[in-house]
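Some notes on the structure that comes next.
The values are calculated or read from the model by the stated rules, or taken from the named source; none is laboratory data. Computed from a prediction, not measured in an experiment: that's the story for all the values here. Cβ: placed from backbone, ideal geometry, glycine included. Neighbour counts: every protein chain shown.
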Amino acid sequence: MSRRALLLLVLLVLVAEPARLAAQASFDSTAYLRSRVAQLDSLLGHTSASPTTRSRVLAEQAHDHPLRVQVEGRLTLAVPLDVPAQWVSTMAHAADSTLGEFGGIPDETIRRLVLLEVTLTPENAMLAQFKGRPFASLSPVRASDSAEANGSKALEAMAHYFTGTLDSTWQKWLEGQLVLAWNSNLDGERALDDLASVGGYVSGKECLAGMLASCRQWLGLDDSPQPYSVRYRPQELVSALRNSDGSHGNPTEDRCRGGDAQACAEFFTLMSWHPLPSIPASGEMRMSLLRELRERHGKEALRRVLADSAGSVGDRLSHAAGISEDSLVSEWRLWVLGRGRIERVTAGPGDLVSALLFSAILVGMAIRSGRWR
């Protein structure tokens, strides 16, 4: 039957059927029209699926999207089938190398995690073999990105997942800033700039001057029921509030804006919103403390501290390093002032000649002085 004849037949049915049903008191015109539209759709070969059904079909298609699973070193990655295997291999090895250098994430965690490209879902039939294992979203792998850039996507996915497994103290202190890669020339300079910033907070400036208690305050290492009044100076709280949006009609806030230090301490402790971060030091600066621990005390110390869930962050760092908190903060400060480098001081031939000449000058001056005659 031709399409035109089929349409004519359907029109005849639509005209004749209401006459037959008109005598029925229970006739429902809306239901009737819906049923006829469904019949017409079916006759024309179209799918008469509801929005819910269509969504389910699309979801099933997404679940069955062709993918490839690659195990490269310690990493397991699931990516669309059209992503070349060589790209995945290169990015995985770059990421695994950085993970090995960082050393803070347990080997078992790295091996169990499945990095799943964001366009895929864990319900994909091809991923049934990984049931019970955790998944982490992996940003799309692109040919236009370098191996390092694609490797960074794997590192970000790993860091995000691992941070979520830590206790609330670590999550609050890290604020999602667990950075696995460290570049001394770049990140070291940034850390030093943060510490020596002219517009920085008083606790940071005092830390730069060598006051270790201020370093602990600035880094947020010690727990406190009133962190803002401990880590910031009263005038900093007043200035921050005055420079924020207008008053919200809170009497304590108004007194703080007026310069009442005690009111500021109460306001910043009790209110849910604040114009200042709870920890003055940036996330980058806090990461430098973990990096220093790893450089000075080894990967095992870093693993121990991230696995620790007892006490303040300062307590955990001290226990992992096996030294007092102030001793750790002191060596960290020197490390930051050296831009995150641990370098051996060696003297070359030129330095030796300069030292000998300087010594000769000192000896000559001493001989010519009256005390040596």
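State which residue is surrounded by the most Cβ atoms within 10 Å (Cβ to Cβ) when the search covers only the stretch 264-278 and only residues that are outside any helix (DSSP H, G or I) and of a type in the set (A, V, I, L, M). Ranking the qualifying residues of the stretch 264-278, first place goes to LEU276. Exactly one residue out of ALA355, ALA281, ALA301 is among the hydrophobic types (A, V, I, L, M, F, W, C), assigned to a helix (DSSP H, G or I), surrounded by 10 or more Cβ atoms within 10 Å (Cβ to Cβ) and modelled with pLDDT of 50 or more, and it is ALA301.
Restricting to the stretch 248-263, name every residue that is in a loop (DSSP other than H, G, I, E, B) and over 15 Å from SER229 (Cα atoms). Hits for the stretch 248-263 are HIS248, GLY249, ASN250, GLY258. In a residue-by-residue description of the stretch 109-126, the property of being closer than 28 Å to GLY311 by Cα and at pLDDT 90 or above applies to at least one position. For the stretch 114-123, residues that are touching a strand residue (DSSP E or B) at 6+ places or on another chain (Cβ under 6 Å), touching a residue at least 24 places away in the same chain (Cβ under 8 Å) and of a type outside the set (Asp, Glu) total 4.
Scanning the stretch 304-324 for residues that are over 19 Å from PRO106 (Cα atoms), assigned to a helix (DSSP H, G or I) and in contact (Cβ under 8 Å) with a residue 12 or more places away in the chain yields VAL313, GLY314. Count of the stretch 220-237 residues, restricted to those that are more than 17 Å from GLU325 (Cα to Cα) and either aliphatic (A, V, I, L, M) or in a loop (DSSP other than H, G, I, E, B) (or both), is 6.
For the stretch 92-113, filtered to residues that are touching a strand residue (DSSP E or B) at 6+ places or on another chain (Cβ under 8 Å) and closer than 15 Å to VAL141 by Cα, the residue that is surrounded by the most Cβ atoms within 10 Å (Cβ to Cβ) is ALA95. Restricting ARG294, ARG368, ARG373, ARG344 to those that are among the basic types (Lys, Arg), modelled with pLDDT under 95 and in contact with a Gly (Cβ under 9 Å, 6 or more places away or on another chain) reduces the list to ARG294. Residue count for the stretch 85-108 under the criterion of being over 20 Å from the mean Cα position of the chain (by Cα), within 15 Å of LEU306 (Cα to Cα) and touching a residue at least 40 places away in the same chain (Cβ under 8 Å): the result is 0. Scanning the stretch 249-281 for residues that are among the basic types (Lys, Arg) and closer than 13 Å to GLU236 by Cα yields one hit, ARG257. When the residues of the stretch 223-259 are filtered to those that are surrounded by 17 or more Cβ atoms within 10 Å (Cβ to Cβ) and acidic (Asp, Glu), the one that is farthest from the chain's Cα centre (by Cα) is GLU253.
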